[in-house]
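Trainee: Okay, handing you the structure first.
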Amino acid sequence: MRSRFATITLICFLAAAVPGTALALDNDLTLYRLSYFDTNDGRYHGDQTAFRHLSNELGMVFAPRMLAPASTTGLSGFELGLEASLNTIRNDKYYWKNAVEGGTPSDILTTMQLHFRKGLPSSFEIGTIFTYLFQSQMFAVGAEAKWALNEGFIYAPDVAIRAAVNRVIGSRDIDLTVAGFDLCISKTFGIFGSAQITPYIGYDFAVVWAGSRVLDATPGDTRDDTPATATSNGLPLDQFAFERETILNHRGFIGLRLKADIAVVAYEFISGFDGTYTNTFKAAVEF
């Protein structure tokens, strides 16, 4: 029965994640639109400020979620969960309107995560995360490691630190990696004699590394793609690449986890200092 549940969960995730068409979807990136023509040097350049803002907000959409208390699953335990996140973005900003295929992005981007956690000796835990952004061809593959400095004491809260990284794939335009470093505090309480409720709170330090491939500012015009118009760096006048960015973020999160037998449900709210936030809901089994 347990293996059947895991199989059904994986099938549901893959069915939701696979795009119905090979064509570009509304949330796929079109970064060449974040460019401008400089009359001084007669060539196109990327709007680096716009790229930085877009990369950071998209990075927070793909950033790892904690979705667990400070305690681990235990040496022989593991958890398999399906998560859905509602991520706010500044969809009214020009960089979102210009840089996505649909041109009219929603203020909320929805992602789905398949999250696996496995306990190890000495209060360590490892996990894997697979994330899909709806209405796009972008995925993220990630890994995490957690260490509970203190867990299982009756009168003291559980405390843990975690490091996680997600690598975004599926976009030809952007090179995006997001890492998170978390401090989490939680306390588990028994309810009704057979269930547990665990509130938790924490701090997340997230780092976004972003870059781009060479982009063509005028993809519909091939007249300026000849070597005769190439610059000293070997690129035609209408081609450019964004400089790499390293962006630091400070976020806080709070969550609530309910466990009854092997069934787990959880909710987590993450808020960044820039005003964007994420609501995540989780259904899982823990053995």
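Trainee: Within region 69-87, is even one residue surrounded by 15 or more Cβ atoms within 10 Å (Cβ to Cβ) and at positive phi?
Mentor: yes
Trainee: Return the residue satisfying two criteria in turn: it lies in region 35-51 and is farther than 14 Å from Asn98 by Cα and of a type in the set (D, E, K, R), and of such residues it is modelled with the highest pLDDT.
Mentor: Just the residues of region 35-51 that are farther than 14 Å from Asn98 by Cα, to begin with: 37-45.
This time we only want the ones that are of a type in the set (D, E, K, R), so: 38, 41, 43.
Working: Asp38: 92, Asp41: 87, Arg43: 89.
Per the stated criteria, the residue is Asp38.
Trainee: Of all residues in region 132-155 being hydrophobic (A, V, I, L, M, F, W, C), at pLDDT 95 or above and not in a strand (DSSP E or B), which is surrounded by the fewest Cβ atoms within 10 Å (Cβ to Cβ)?
Mentor: Of everything passing the filter in region 132-155, Phe134 is surrounded by the fewest Cβ atoms within 10 Å (Cβ to Cβ).
Trainee: Residue by residue through region 171-186, note down the ones that are touching a strand residue (DSSP E or B) at 6+ places or on another chain (Cβ under 7 Å), among the charged types (D, E, K, R) and either surrounded by fewer than 16 Cβ atoms within 10 Å (Cβ to Cβ) or not in a strand (DSSP E or B) (or both).
Mentor: Selection gives Asp173 alone.
Trainee: Here is a follow-up. Over 27 Å from Phe134 (Cα atoms) and either of a type in the set (S, T, N, Q) or at pLDDT 95 or above (or both), is that true of Thr177?
Mentor: Spelling it out, it is not the case that Thr177 is over 27 Å from Phe134 (Cα atoms) and either of a type in the set (S, T, N, Q) or at pLDDT 95 or above (or both).
Trainee: Going residue by residue through region 233-256, is there one that turns out to be surrounded by 14 or more Cβ atoms within 10 Å (Cβ to Cβ), modelled with pLDDT under 95 and among the β-branched types (Val, Ile, Thr)?
Mentor: No - not one qualifying residue is present in region 233-256.
Trainee: Continuing with this model, one more query. Which pairs have Cβ atoms under 9 Å, sit 6 or more apart or on different chains, and link a residue in region 170-189 that is without any contact (Cβ under 8 Å) to a residue 12 or more places away in the chain to one that is among the hydrophobic types (A, V, I, L, M, F, W, C)?
Mentor: If the second residue must be among the hydrophobic types (A, V, I, L, M, F, W, C), the pairs left are Phe189/Ile197.
Trainee: Still on this structure, I have one more. Here are some conditions: (1) over 27 Å from Leu183 (Cβ atoms); (2) assigned to a loop (DSSP other than H, G, I, E, B); (3) touching a Gly at 6+ places or on another chain (Cβ under 9 Å). Asn91 meets all but one. Which one does it not meet?
Mentor: With respect to (1) over 27 Å from Leu183 (Cβ atoms); (2) assigned to a loop (DSSP other than H, G, I, E, B); (3) touching a Gly at 6+ places or on another chain (Cβ under 9 Å), Asn91 is out only on (3).
Trainee: Would you be able to say whether some residue in region 84-107 is under 30 Å from Pro157 (Cα atoms), in contact with a strand residue (DSSP E or B) (Cβ under 7 Å, 6 or more places away or on another chain), polar (S, T, N, Q) and in contact (Cβ under 8 Å) with a residue 12 or more places away in the chain?
Mentor: yes
Trainee: Right, another one. Which one is nearest to Ser71 (Cα to Cα), of the residues in region 188-199 that are out of contact with any Phe, Trp or Tyr (no Cβ under 8 Å at 6 or more places or on another chain) and surrounded by 13 or more Cβ atoms within 10 Å (Cβ to Cβ)?
Mentor: Looking at residues that are out of contact with any Phe, Trp or Tyr (no Cβ under 8 Å at 6 or more places or on another chain) and surrounded by 13 or more Cβ atoms within 10 Å (Cβ to Cβ), I get Thr188.
Trainee: Quick one: Arg117 ticks every box in (1) over 21 Å from Ala140 (Cα atoms); (2) part of a strand (DSSP E or B) except a single one, so which number is it?
Mentor: That leaves (1) as the condition not met.
The values are calculated or read from the model by the stated rules, or taken from the named source; none is laboratory data. What you see is a predicted model, and the numbers here were worked out from it, not measured in a lab. Using ideal geometry, Cβ is built from the backbone for each residue, glycine included, and neighbour counts are taken over all protein chains shown.
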